[in-house]
Amino acid sequence: MLITTIAVILVLGGLIFFHELGHFSVARAFKMGVSTFSLGFGPKLLKKRVGKTEYALSLVPLGGYVALVGETEGAEIPEGFSREEVFSLRPAWQRLLVVLAGPIANILMAWAICWALAFCWGTPVLQADVAAVMKDSPAERAGLKVGDHIAAIDGKTIESWDEMSETIAKSDGRPMDLEVVRPAAEGTFGQGETLHVTLAAERSTRKTIFGEEETAWLIGVRGGGRVLKKPESFFRAAVAGLAQTRDMISLTWQSFVKLAQRVVPLDQVGGPIMIAQLVGEQAHQSLPGLLMLTALISINLGILNLLPVPVLDGGTAVFCIIEILARRPVPMKMQEWGMRVGIFLLIALMVLATFNDVWRLVKS
């Protein structure tokens with residue numbers, strides 16, 4: 001329990017800190033005034049003033065905030081600050097960069113974590129091993145068996161399951177020559193044998209990770225789950241980390257879209273309780289697993305905040321973009337109504353996530 005608690009505090013606290021640090025850093029770079037930098041909401045447990053800014057640790061740990069001077073038009077300027085430091089009086093493009101800095105900080109943090117993972121532990125590569133052969137499939141007719149390793153297709157070395165899948169998908173049903181390494185039979189000596197088989201993929205349906213059916217060129221095999229770690233140099237690790245971050249961004253965005261389309265059911269939405277459970281599980285299993293989960297949560301936090309919903313950073317960014325294009329600010333009454341709608345949606349999402357978390361606990 002102690003390890004789980006510490007891990008949750010470090011992970012969530014770190015993600016919130018870097019998000020708010022993004023806003024804070026860009027605001028200060030533009031010499032905007034910041035009255036408060038707080039981790040958490042509600043009553044302040046600890047606080048310290050450095051210069052004009054008060055840094056605080058607050059009671060409710062589900063978030064944080066950077067209080068900019070004059071965030072809304074007509075807001076009172078705190079003592080010690082000048083009109084030159086007022087956020088609402090700055091050009092829209094400067095306010096837009098401050099707003100976007102938080103989500104971008106989360107994405108950069110995810111990249112840094114993936115970079116470190118690739119450099120310290122290597123890049124995980126799922127091998128092209130056959131774990132199952134579908135009945136009446138091209139693979140079965142060609143004689144492929146469970147345990148076979150697909151080493152090459154048409155003379156091209158295959159280094160991963162994804163590379164094998166892409167090569168088969170681009171075949172358009174033409175015959176392919178597969179170099180297959182078959183392990184030695186159990187209880188015998190030797191390294192097995194290398195076979196060459198010819199087969200053609202067939203157009204078939206399969207389920208995506210979101211449960212949707214899609215058509216693709218398939219040979220009728222399933223992966224074996226054997227993963228090797230590919231060592232990376234410092235700079236190659238940066239490239240590998242960037243690719244992994246890009247993939248997580250794409251997957252997270254698709255998840256939000258599928259949720260809106262009701263492809264992903266609402267009971268799959270999780271909140272702080274589910275996050276704490278996942279963090280606790282990874283904390284007891286391995287450091288790399290915990291770091292990868294942290295990167296994924298950071299991406300989710302960044303993308304969530306970029307959604308065009310008032311109250312979130314993305315909603316404020318939309319107001320700034322409209323102001324830049326129209327050359328005049330969005331009417332205050334419209335902004336206020338947008339904020340009310342945004343607050344309602346955010347509360348509804350939190351209630352749904354909490355209900356799902358509690359229901360999962362009751363069922364388990």
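We did not get these values from a lab; they are worked out from the coordinates using the rules stated. Source: prediction; values computed, not measured. For neighbour counting, all protein chains shown are included, and Cβ atoms are generated from backbone atoms with ideal geometry for every residue, glycine included.
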Once residue 50 and residue 337 are pulled to full extension, the length gained, defined as 0.36 nm per residue separation minus their Cα-Cα distance, is 99.7 nm
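Kirkwood hydrodynamic radius (Cα pairs, Å) of segment 125-229?
Averaging 1/r across every pair of different Cα atoms and inverting gives 14.2 Å.
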Could you give the nm distance between label points at residue 112 and residue 172, where each point is 7 Å from its Cα heading toward the beta carbon? 4.7
With point charges of +1 on the Cβ of Lys and Arg and -1 on the Cβ of Asp and Glu, referenced to the Cα centre of the chain, which listed residue (334, 227, 118) lies farthest in the positive direction of the dipole? 334
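I need the calculated FRET efficiency for the pair residue 136 and residue 79, taking r as the beta carbon distance and R₀ as 45 Å, to the nearest 0.05.
Working: r = 79 Å, r/R0 = 1.76.
With a Förster radius of 45 Å, E is 0.05.
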To make sure I understand the rule: partners must be aspartates and glutamates, Cα under 17 Å from the Cα of residue 229, and not fewer than 8 residues away in the same chain. Which ones qualify? 129, 159, 162, 163
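Quick one: plug the Kirkwood hydrodynamic radius of the chain (C-alpha pairs) into Stokes-Einstein at 25 °C, 0.890 mPa s, and report D in µm²/s.
On the way: Rh = 24.2 Å.
Translational D for this selection: 102 µm²/s.
For segment 93-154, compute the orientation-averaged projected area of the C-alpha convex hull (one quarter of its surface), in nm².
On the way: hull surface 35.0 nm².
Computing the convex hull of the Cα atoms and averaging its projections yields 8.8 nm².
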Taking the mean number of other Cβ atoms within 10 Å as a proxy for protection, how do you rank 77-87, 276-286 from highest to lowest? 276-286, 77-87
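Counting helices only, and only those DSSP H runs with n ≥ 4, report the 222 nm mean residue ellipticity of the chain as the sum of -39,500 (n - 2.57) divided by its residues, in deg cm²/dmol to the nearest 500.
Helix-only estimate at 222 nm: -17000 deg cm²/dmol.
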Tell me, what ³J(HN,Hα) does each residue in segment 250-257 have, in order and in whole Hz, if you take phi through Karplus 6.51 cos²θ - 1.76 cosθ + 1.60 with θ = phi - 60° and put x for Gly and Pro? 4, 5, 5, 4, 4, 4, 5, 5
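In the structure displayed, which of 207/230; 47/363; 31/333; 145/207; 135/170; 145/230 lie more than 31 Å apart, Cα to Cα?
On the way: 207/230 29 Å; 47/363 41 Å; 31/333 28 Å; 145/207 23 Å; 135/170 23 Å; 145/230 26 Å.
Beyond 31 Å: 47/363.
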Estimated vicinal HN-Hα couplings, Hz - segment 51-63 in sequence order (Karplus 6.51, -1.76, 1.60; Gly, Pro = x): x, 8, 9, 9, 9, 9, 10, 9, 5, 8, x, 8, x
How about residue 156: which aspartates and glutamates have a C-alpha closer than 13 Å to its C-alpha, ignoring those fewer than 8 places off in the same chain? 166, 177, 179
